[in-house]
Amino acid sequence: MVRRILVTSALPYANGPIHLGHLVEYIQTDIWVRFQKMAGHDCLYVCADDAHGTPIMLKARELGQTPEELIAAVRASHERDFAAFGIGFDHFHTTHSAENLELTTGIYRRLLAAGHINRRVIEQAYDEQEGMFLPDRYVRGTCPVCKTEDQSGDSCENCGATYSPLDLEDAVSVLSGLPPTVRESEHFFFRLGDFEDMLRAWVPEHVDASLARKLEEWFAAGLKDWDISRDAPYFGFEIPDAPGKYFYVWLDAPVGYMASLLHYARSGAEIDFDAYWGADSDVELYHFLGKDIVYFHALFWPAVLSGSGYRTPTGIFAHGFLTVDGQKMSKRRGTFITAETYLQHLAPDYLRYYYAAKLGPTVDDIDLKLEDFVARVNSDLVGKLVNIASRCAGFVHRCGDGRMADALAAPELFAEFADACGTVAAHYERREYSKAMRQIMALADQANQYIDEHKPWVMAKSPGQESQIVAVCSQGLNMFRVLVGMLKPVLPQLAERAEAFLAIKPLTWAELATPLAGHTIERFKPLLQRIDPKAVARMVSDSKSADNTPAAAPVEPLEAEIDIGVFSQVDLRVARVLVAERVEGADKLLRLTVDLGHEQREILAGIRSAYQPEQLVDRLVVVVANLKPRKMRFGISQGMVLAAGPGGKEIFLLSPDADATPGMRVR
């Protein structure tokens, strides 16, 4: 049965860039949505920028902009970064929109008419110099309970006490530095207690058990009226028939989920807004969000929806926070890393995979250990997954003209991979991504073990075994295809490159159990590069600087000039690597058998620190063909393979385009 699903992530606040902490949520959500779509379900993913509130008003003032100019610029940067990380929103909007004003005003009027809104006069901190009432966190002072200095106006970081800003000792405004005065103002309140019975029944059925236990503390303390208004000056929507009063951002922000879908529907999408948000909707609705805002989404939000005649969420999925190397993100340590800075150094799929390998359905925090990040990505994605394709593709082209075998060499082994799709699908559905990644990588180990046992590179040394080689390598590629398919929700960019290499249409979940037979593949090109630890170090270094400017790499000085006659004496030729082997007793050497078109040669190349033998088979390289053979301890080397880089892991072979043929001269 095809399910209809609407998914949202919490709205990013429109006063700053997306960073790696934000991306935990959007990557977690995107993986789930991509899986649902790949499984054939009708799944929509909408989001928007949260564009209202005092912080945005003040940030715009600081920058000499209007709030509208600020949120437009931030929205452009958010959409750019999300797209780069493969976050596949069906629609991304803003809470500062006509649709959100329409819906928020309508919800308020319904709540008011039903008696769920009341008014009363309250006392608030006021900054006389700035001419504005101060939000709680814009007042700081000494905690009235434990006497810790420089605490926020709503709670103490030291003892955890909660209080009013007016309770702080030696309080000052963070805007002017002056002690605030106290002024009275009439505010509008949502009567949350009206919905206690409804919420007590709703929460256990729609929220994870551990979160439901936490929310029980709020029920025990008594559900208090919720202040939904703010005084001018304020950037937001004005409350109807109440000049100078504005809806608090936390009222219109979640309405942004609805407004994004409404804008999408009115922009030409063939969807019925009421079918998704009407009280009788049978669409599944899930909110992904951080554990710090569960209170708003599991109490206020369903109560507001219920009281205004809309449907409530099917489920609320919360996640923990991100730490980097065991600590909170810090600009001083270079671990407050923006999406933009990350992208200057590393591929998005690396982070998507690492987060998936850490994420589960609980609200436990996850830690981005940078050293482990490098090791795990290089081991799992390059050393295991991509390695399967790189080991097999060249032999299929050499021995079968790129055409895979007509039948599986080990159908029982492929059946294990096909059967695993059901278990992995269940892991995705339950957001148990770390379990899915472990199972997929265990299968990748089995695929590599199969190739190791059959050793097509050894079989290639004996004539007449072409069909057996193609059969073994076709088996490997079919297992690789299943693995890529199961990882496609996590690694969309890698999957797209793999689909192009395999010459197949975009993979769906239902197709994974059917192997490719007699199918022609493209020539293999590297699908993913290993992470260079130095790139991570540069990312951390750049994150310490305000402008995030990448550090320039050192450049070796140029050699002395030569004339064209000297250069023309060097005969550079395109060659294809036929066999690559480790050299017993040599730590740095690989023994390469290369095809120069008219002959084959054996070259000893000092590239073992950067390349595994399996990565080189069928690769085109550039060789110095007229270099005098050198007698070395481990044999005779009949040429030199050209590479760039200072050495160690930083060795980069020069590779001609795929259409070049062995024997071509490089001029």
> Residue farthest toward the positive end of the dipole of the chain, with Cβ of Lys/Arg at +1 and Asp/Glu at -1: which of TYR342, PRO515, LEU408?
Replying inline: LEU408
> Size of the dipole of the chain about the Cα centre, Lys and Arg at +1 and Asp and Glu at -1 on the beta carbon, nothing else charged, in debye to 20?
Replying inline: 2720
>> Is there a quick way to get the dipole size of segment 338-382? I mean about its Cα centre, with the Cβ of Lys and Arg at +1 and of Asp and Glu at -1; what is the value in debye to the nearest 20?
In response: 120
> Using the Cα gyration tensor of segment 21-83, with a ≥ b ≥ c the square roots of its eigenvalues, what is the shape: rounded (a/c below 1.5), prolate (a/b larger than b/c) or oblate (neither)?
Replying inline: prolate
>> Between helix 387-400 and the chain, what is the angle of the helix's C-alpha long axis to the longest principal axis, kept within 0 to 90° and rounded to the nearest 10?
In response: 40
>> Can you tally the net charge around PHE321? Count Lys and Arg as +1, Asp and Glu as -1, for every other residue whose Cβ sits under 13 Å from the Cβ of PHE321.
In response: -2
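Which of the three applies to segment 237-304, rounded, prolate or oblate, going by the alpha-carbon gyration tensor with a ≥ b ≥ c and a/c under 1.5 meaning rounded?
Verdict is oblate for segment 237-304.
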> What does the convex hull of the alpha-carbon atoms of the chain project to on average, in nm²?
Replying inline: 36.2
> Net charge near LEU192, counting Lys/Arg +1 and Asp/Glu -1 over other residues with Cβ under 13 Å of its Cβ?
Replying inline: -2
>> Which cysteines in the chain lack any other cysteine whose Cβ sits under 4.7 Å from their own Cβ?
In response: CYS43, CYS47, CYS399, CYS421
>> So if I take the centroid of the Cα atoms in segment 413-471 and the same for segment 248-279, what is the distance between those two points in Å?
In response: 44
> By the scheme Lys and Arg +1, Asp and Glu -1, what is the net charge of all other residues having a beta-carbon under 9 Å from that of SER9?
Replying inline: -2
> Projected onto the charge dipole of segment 272-337 (+1 at Lys/Arg Cβ, -1 at Asp/Glu Cβ, origin at the Cα centre), which of LEU305, LEU322, ALA275 gives the Cα projection farthest towards the positive end?
Replying inline: LEU322
> Considering only protein heavy atoms, what per residue accessible area in square angstrom results for the chain with a 1.4 angstrom probe?
Replying inline: 44
> Any idea which of TYR450, GLY663, PRO613 is furthest toward the positive side of the dipole for the chain, if Lys and Arg beta-carbons carry +1 and Asp and Glu beta-carbons -1?
Replying inline: GLY663
>> Using helices alone, I'd like the mean residue ellipticity at 222 nm for the chain: each DSSP H run of four-plus residues gives -39500 (n - 2.57), total over residue count, nearest 500.
In response: -11500 deg cm²/dmol
>> Starting from the 7 Å offset along Cα-to-Cβ, what nm value, one decimal, do you get for the label separation of GLN600 and GLU581?
In response: 1.1
>> Using 24 Å as the Cα-Cα cut-off, could you pick out the over-long pairs in LYS461/LYS505; LYS37/LYS525; LYS214/LYS331; LYS328/LYS358; LYS384/LYS588; LYS147/LYS544?
In response: LYS461/LYS505; LYS37/LYS525; LYS214/LYS331; LYS147/LYS544
>> Could you give the length gained by full extension between ALA73 and ARG137, i.e. 0.36 nm per residue of separation minus their alpha carbon distance, to one decimal place?
In response: 20.5 nm
> Got a number for carbon plus sulfur as a percent of the chain's accessible area, 1.4 Å probe?
Replying inline: 51
> Points 7 angstrom from Cα along the Cβ direction at CYS146 and HIS41: gap in nanometres?
Replying inline: 4.3
> Once a ≥ b ≥ c are taken as the square roots of the eigenvalues of the Cα gyration tensor of segment 137-276, is the result rounded (a/c under 1.5), prolate (a/b larger than b/c) or oblate (a/b not larger than b/c)?
Replying inline: oblate
> Which peptide among 148-158, 521-531, 18-28 comes first, and what is the full order, when sorted by highest mean count of other Cβ atoms within 10 Å?
Replying inline: 18-28, 521-531, 148-158
> Using mean Cβ contacts within 10 Å as the protection proxy, how do 8-17, 357-366 order, highest first?
Replying inline: 8-17, 357-366
> What is the magnitude of the charge dipole of segment 145-188 about its Cα centre, with +1 placed on the Cβ of each Lys and Arg, -1 on the Cβ of each Asp and Glu, and no other charges, expressed in debye to the nearest 20?
Replying inline: 40
> Once the Cβ-Cβ distance between LYS328 and ASP532 is put in as r, and R0 is 22 Å, what FRET efficiency do you end up with, to the nearest 0.05?
Replying inline: 0.25
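The values are calculated or read from the model by the stated rules, or taken from the named source; none is laboratory data. Note that the structure is a prediction, hence the values are computed from the model and not measured. Cβ: placed from backbone, ideal geometry, glycine included. Neighbour counts: every protein chain shown. Side chains included, ligands, DNA and RNA excluded: accessible areas come from the protein's heavy atoms. Shrake-Rupley method; radii C 1.70, N 1.55, O 1.52, S 1.80 Å.
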